[in-house]
Amino acid sequence: MLHVDERAGERSSTVESLALSAAERAEIARLVDETLARRQPWDAVAFTGEAAAVAQYLPVRLRHFLARARGDQADMIIVSGLPLSEDLVATPTGWELAAKTGAGQREELLCMLCAGALGEPFGWSDQQNGRIVHDVCPAPGQERSLTSASSELNLALHTEDVHHPCRSDYVGLLCLRNPDATGTTFVRVDRMDVPDDVREILAADRFRFFADDSHANIELDAEQESGRHENRMSQDGSVLFGPREFPYLRIDFDFASALDGDADAAMNQAFESLRASVERVVLRPGDMAFLDNYRVVHGREPFSPRYDGQDRWLKRVNVIRDVRRIFVETRSLTRVIA
Ligand SMILES: O=C(O)CCC(=O)C(=O)O
Ligand SMILES: [Fe+2]
């Protein structure tokens with residue numbers, strides 16, 4: 001097990017990984033198949049509230065690893081060797097098709113179980129039609145969109161669902177295919193190197209965060225996008241927050257703005273520093289990454305879509321540590337935020 005832990009008496013940034021054994025892989029495959037057989041027809045939304053309980057049947061080493069990584073607040077958690085279907089269907093050309101055909105249902109359940117060992121899965125009613133597990137695959141006509149359906153454009157660094165107080169604690173990405181070894185990019189908040197006075201501005205409520213195009217149901221491309229934020233849902237707040245010795249971060253290169261001139265300069269300095277510290281991880285089939293959405297921002301390198309059934313394909317799930325944050329915010333017992 002690779003356990004990069006740079007701690008030397010004080011807390012710092014970690015990436016923690018676990019490689020599953022063949023026996024563990026078989027055990028997980030059995031759990032997924034049994035659970036799926038009992039849940040026909042498969043309905044991810046109906047399963048959402050149960051995922052955490054069923055996740056207790058995952059192999060103990062995996063559960064222990066995820067619980068420890070959660071406790072440590074690892075910046076990135078990677079589990080490799082998860083069991084994918086041997087007869088995995090062709091990569092769909094967009095999430096709508098995946099939803100219609102039920103492509104990769106077994107992998108959806110797998111995704112939800114791993115999520116359930118770390119927190120609770122949840123969704124957004126205006127994102128992929130309220131689905132709990134999203135398909136991230138290139139879609140014809142959206143090559144240059146500012147959503148995960150893009151391909152030819154660099155998907156800029158972002159906090160997932162930056163505009164919302166219930167944004168995920170973790171973004172879970174399960175890789176089904178990645179033929180060109182396209183990298184998921186990320187930057188750790190600890191790598192942001194700005195002077196103290198800039199840091200102070202970034203920690204003040206002098207910024208506005210907007211809903212991105214995956215929520216707005218409009219598919220603008222990057223060229224059309226500039227300056228079109230006014231009518232979107234937004235929230236004001238700070239870029240840096242949380243413990244001073246272990247800060248949290250909230251920022252989006254496309255969907256954030258500053259409320260005054262000094263804040264604008266500070267945000268640009270933050271962007272510049274983050275750009276200089278980009279790391280990448282290439283997810284392979286059977287890898288699942290959980291990015292701590294408070295501790296890293298993430299994006300994706302560009303690639304050329306094929307539309308031949310072998311394209312890059314991830315299943316994505318949002319994970320919240322305490323689902324009551326959603327119950328309080330929405331004033332209902334829903335796990336799909338309206
Ligand atoms: O495709 C990727 O690697 C990440 C895309 C992304 O930002 C997301 O799905 O939230
Ligand atoms: Fe994302």
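Read-outs throughout are calculated quantities, based only on the coordinates presented, and are distinct from any laboratory measurement. In this text the structure is predicted, and so the values were computed from the model without any measurement. Every residue, glycine as well, gets a Cβ built from its backbone with ideal geometry; the counts of neighbours run over all protein chains shown.
Here region 60-74 is scanned for amide nitrogen atoms under 12 Å from the site 7 Å beyond the Cα of residue 21 along Cα-to-Cβ, giving 60-62.
Farthest towards the positive end of the charge dipole of the chain, among the residues 192, 57, 231, is the Cα of 57, using unit charges on the Cβ of Lys, Arg, Asp and Glu.
Note on residue 45 and residue 325: the extension gain reaches 99.0 nm, defined as 0.36 nm multiplied by sequence separation minus the Cα-Cα distance. Computed from label points 7 Å out along Cα-Cβ, the spacing between residue 36 and residue 196 is 5.6 nm. Net length available on complete extension from residue 231 to residue 260 is 8.5 nm, with 0.36 nm assigned per residue and the Cα-Cα distance removed.
As an exercise, use a Förster radius of 35 Å and the Cβ-Cβ distance of residue 333 and residue 153 to find the FRET efficiency, rounded to the nearest 0.05. Computed FRET efficiency for residue 333 and residue 153: 0.35.
Sparsely packed loop sites in region 225-300 (the GluC sites (Glu not before Pro) outside DSSP H, G, I, E and B with at most 11 other Cβ atoms within 10 Å) comprise 230, 245. Residues whose amide H lies under 5 Å from that of residue 183, counting only those 5 or more places away or on a different chain, are 301; hydrogens are built 1.01 Å from N in the peptide plane.
Among the GluC sites (Glu not before Pro) in region 136-196, those placed in a DSSP loop whose Cβ has at most 15 other Cβ atoms within 10 Å are 152. 3J(HN,Hα) couplings calculated from phi for region 309-316 with the Karplus curve 6.51 cos²θ - 1.76 cosθ + 1.60 (θ = phi - 60°) are, in sequence order, x, 10, 5, 3, 8, 10, 9, 10 Hz; Gly and Pro show x. The tail of the calculated P(r) for region 3-329, taken as Cα-Cα distances beyond 31 Å, holds 29 percent of the pairs.
From the Kirkwood radius over Cα pairs of region 65-217, Stokes-Einstein at 20 °C and 1.002 mPa s returns a whole-number translational diffusion coefficient of 121 µm²/s. Between 15, 28, 101, the Cα set farthest toward the positive side of the dipole of region 1-160 (charges on each charged residue's Cβ, about the Cα centre) is that of 28.
In this simple spin-label approximation, residue 246 and residue 205 carry label points 7 Å from Cα along the Cα→Cβ vector, and these lie 2.6 nm apart.
How big is the charge dipole of the chain about its Cα centre, in debye rounded to the nearest 20, if each Lys and Arg gets +1 on its Cβ and each Asp and Glu gets -1 on its Cβ?
1140 debye
Considering only 83, 304, 259, the residue lying farthest towards the positive end of the dipole of region 3-329 is 83, judged by Cα position with unit charges set on Cβ. Phi angles of region 82-92 translate, via the Karplus equation with coefficients 6.51, -1.76, 1.60 and θ = phi - 60°, into HN-Hα couplings of 6, x, 9, 5, 5, 9, 3, 5, 4, 4, x Hz per residue; Gly and Pro are given as x. A simple rule links phi to the HN-Hα coupling: the Karplus curve 6.51 cos²θ - 1.76 cosθ + 1.60 with θ = phi - 60°, which for region 51-63 gives 4, 5, 6, 5, 4, 5, 8, 5, x, 4, 5, 5, 5 Hz, with x for Gly and Pro.
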